[in-house]
Amino acid sequence: METTLNNAGIGRRTLLRYGAAGAVGVSALAFNQTGALAAGGGDDAELRRLYRAALNEGGGLVVWAGGSVPTQEDRTRDAFTTAFPGIDTVIKVRYSTEHSALVDRQLALGGLEPDVIQLQTLYDFDHWKARNALLPYRPPGAQAVFKQYRDPDDTFIGISAQSFGRVVNTTLLSEGERPRDATDFLTPAFRDKIVVPDPTADDAVLFAFYLVTQKYGLRFMEQFMEQRPLVVANSPTTNAILASGQRTVSLSNVSPLVPGAVQYLAPKTDQFMSWPRTAAIFRAARHPAAAKLYLAWQLTVERQRTVLQWSSRRDVAVPAGLITDYNTPLNGFRDFIRDRAAVERYRALITTFIHPSA
């Protein structure tokens with residue numbers, strides 16, 4: 001159900017600019033032709049230092065990222081390896097719950113594979129921090145990240161902000177026809193037109209429904225199901241169905257903020273869910289310099305300007321603005337999923353609507 005960066009990466013001049021003159025396997029010419037460094041001397045010096053150290057430690061990096069499609073981080077990997085030639089990077093995508101269970105197994109038995117972990121299950125970072133399994137590191141730019149998105153002890157940090165919210169097919173609906181608040185989806189025009197990822201299968205989608213029912217009550221769920229929504233496995237499937245025109249709207253899904261055929265729309269009055277895509281480095285990482293380089297790169301201004309929805313930095317406003325310009329609780333999702341008993345009670349409740357027993 002999780003999703004990530006889908007848009008094209010950074011321009012070639014920006015991507016190449018961190019090539020370390022004199023580093024193993026990297027030509028000085030490739031570095032020098034990139035021109036001035038825009039992010040600032042101190043930050044760039046740290047990136048150069050980490051790049052050299054990453055090459056010296058063997059030039060490898062393994063990232064485990066939460067997601068529902070194995071290829072969804074391919075562009076991230078390609079952008080990173082283009083920016084830092086010689087760093088052999090593997091980004092393995094699984095559902096966050098699968099990754100976290102495998103990490104716990106490997107921490108207990110030895111042979112930890114990932115250097116960096118990047119998950120939607122934010123409570124896992126609390127768990128690993130308590131076990132002293134995370135390596136404290138403050139990347140350049142961390143001071144600009146919203147305080148709600150970073151651990152005060154620097155063991156994990158949000159690398160972007162995303163939301164499961166209203167998504168529409170803009171080619172089939174005029175601006176005035178596009179639903180924004182949850183009650184807009186209850187109009188007769190959207191009967192048999194709604195598609196959503198299964199909220200009982202993903203905590204993020206579940207929290208999106210939780211905020212709706214907190215405002216409108218459980219009667220909303222009865223009315224919503226009377227609209228005969230199509231409930232599918234994950235976010236990519238939802239977007240594919242929207243793009244095909246089989247369905248035209250989704251109450252809770254991830255899509256770019258920028259105008260397009262399938263587009264995310266913030267509600268007019270409803271509070272909506274959002275969360276920081278969070279990453280951390282393990283103390284047992286085999287490639288700690290490369291892991292630090294990856295986090296530092298993710299937080300560069302250039303990289304933050306390419307995120308799918310919002311930057312996690314308060315000093316980087318994408319065209320749609322800052323996440324704080326919107327009616328979303330920055331720590332709401334983290335607080336919700338930390339109470340696992342309450343989450344499971346609400347999941348069971350919503351299951352009676354989405355998957356009623358015979």
>> Checking the conditions here, which among 305, 314 is more than 15 Å from the chain's Cα centre (by Cα) and open to solvent by 40 Å² or more (accessible area, probe 1.4 Å)?
In response: 314
> Can you name the number of the only condition in (1) assigned to a helix (DSSP H, G or I); (2) free of Cβ contacts under 8 Å to residues at least 40 places away in the same chain; (3) open to solvent by less than 50 Å² (accessible area, probe 1.4 Å) that residue 79 fails?
Replying inline: (2)
> Filter the stretch 321-348 for residues that are among the aliphatic types (A, V, I, L, M) and crowded, with 16+ Cβ neighbours inside 10 Å; which is nearest to residue 275 (Cα to Cα)?
Replying inline: 330
> For the stretch 250-282, how many residues meet the condition of being over 30 Å from residue 293 (Cβ atoms), open to solvent by 10 Å² or more (accessible area, probe 1.4 Å) and not β-branched (Val, Ile, Thr)?
Replying inline: 9
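For every residue, the table says whether it meets (1) without any contact (Cβ under 8 Å) to a residue 40 or more places away in the chain; (2) touching a strand residue (DSSP E or B) at 6+ places or on another chain (Cβ under 6 Å).
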residue: 157; (1), (2): no, yes
residue: 161; (1), (2): no, yes
residue: 166; (1), (2): no, yes
residue: 171; (1), (2): no, no
residue: 179; (1), (2): no, yes
residue: 191; (1), (2): yes, no
residue: 201; (1), (2): no, no
residue: 211; (1), (2): no, no
residue: 216; (1), (2): yes, no
> So how many residues does the stretch 222-240 have that are surrounded by 19 or more Cβ atoms within 10 Å (Cβ to Cβ) and part of a helix (DSSP H, G or I)?
Replying inline: 5
> Of all residues in the stretch 155-190, which are open to solvent by less than 20 Å² (accessible area, probe 1.4 Å) and of a type in the set (Val, Ile, Thr)?
Replying inline: 155, 157, 159, 167, 168
> Looking at 293, 257, 265, 251, which one is within 16 Å of the chain's Cα centre (by Cα) and in contact (Cβ under 8 Å) with a residue 12 or more places away in the chain?
Replying inline: 257
> Which condition does residue 277 not pass, out of (1) closer than 30 Å to residue 178 by Cα; (2) over 15 Å from the mean Cα position of the chain (by Cα); (3) charged (D, E, K, R), if it passes all the others?
Replying inline: (2)
> Out of all the residues in the stretch 54-73, is one or more closer than 19 Å to residue 306 by Cβ and free of Cβ contacts under 8 Å to residues at least 60 places away in the same chain?
Replying inline: yes
>> For the stretch 85-136, which positions are in a helix (DSSP H, G or I), open to solvent by 50 Å² or more (accessible area, probe 1.4 Å) and of a type in the set (Phe, Trp, Tyr)?
In response: 123
> Within the stretch 160-175, can one find any residue that is part of a helix (DSSP H, G or I), of a type in the set (Gly, Ala, Ser) and at negative phi?
Replying inline: no
> Looking only at the stretch 248-303, which residues are in contact with a strand residue (DSSP E or B) (Cβ under 8 Å, 6 or more places away or on another chain), among the charged types (D, E, K, R) and in a helix (DSSP H, G or I)?
Replying inline: 292
>> Whether any residue in the stretch 178-186 is more than 22 Å from residue 324 (Cα to Cα) and either of a type in the set (Phe, Trp, Tyr) or part of a strand (DSSP E or B) (or both) is what I want to check.
In response: yes
> Within the stretch 191-213, restricting attention to residues that are of a type in the set (A, V, I, L, M) and over 19 Å from the mean Cα position of the chain (by Cα), which residue is most open to solvent (accessible area, probe 1.4 Å)?
Replying inline: 211
> How many residues, within the stretch 349-358, are open to solvent by 70 Å² or more (accessible area, probe 1.4 Å) and either aromatic (Phe, Trp, Tyr) or not in a helix (DSSP H, G or I) (or both)?
Replying inline: 4
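The values are calculated or read from the model by the stated rules, or taken from the named source; none is laboratory data. If you're wondering where the values come from, they're calculated on a predicted model, not measured in any experiment. We place every Cβ from the backbone using ideal geometry, glycine too, and count neighbours over all the protein chains shown. Keep in mind that these areas ignore ligands, DNA and RNA; they rest on the heavy atoms of the full protein, side chains included. Shrake-Rupley method; radii C 1.70, N 1.55, O 1.52, S 1.80 Å.
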